[in-house]
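Written below as structure tokens is the structure these notes are about.
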Amino acid sequence: MNIRIFTLAALLWLTLSASFSVSAAPQTPGEREQWMTEMRQYKRIYITKELELSREQQAKFYPLYEEMEENEARINDEARAMEKRVAETQNASDLEYEKATEAVYDAAVRSAQLEREYMEKFKEILSRKQLFRLKAVERQFNREMMRQHHRLRTKVKGAEK
């Protein structure tokens, strides 16, 4: 099973790499949605492999995990929207700046609280070791995506010269 997961992840990685080489970033909302779907799929494969999740664990874990990520995205989107509104306001008041600043910092606190709530739910699905490793695996995934993005960006810039 691990070989199948690794092969599938490698194929997905190659597909993503090929799509990135055409364009460093999605241009239309449809392209962005497709890109996000591909990234979620790759992240799912990556987490499954790194945490060695069984099929039963995957079936229970991913609906909760994706729900958590959607809720986190909503929290961050709200804070960014307020931040953007104030940044684009010509004569924003001190109170508007203060409220926008609080929203940004509160978003981080709300996200942490949300993750803590879901951690309790994940305890029922994941082993203690898997739960412990989850945050590290998420960080690894993000670092790998940043490395890949940097490589592709460097490649695109080199091709433009």
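Here, each number is a calculation from the coordinates, and none is a lab measurement. Remember, predicted model here, so these are calculated numbers, not experimental data. Every residue, glycine as well, gets a Cβ built from its backbone with ideal geometry; the counts of neighbours run over all protein chains shown.
Kindly indicate whether any position in region 65-79 is touching a residue at least 24 places away in the same chain (Cβ under 8 Å) and more than 21 Å from T37 (Cα to Cα). So far as region 65-79 goes, yes, one or more of its residues are touching a residue at least 24 places away in the same chain (Cβ under 8 Å) and more than 21 Å from T37 (Cα to Cα). When region 36-72 is limited to residues that are surrounded by fewer than 15 Cβ atoms within 10 Å (Cβ to Cβ) and basic (K, R), the one that is nearest to R128 (Cα to Cα) turns out to be R55.
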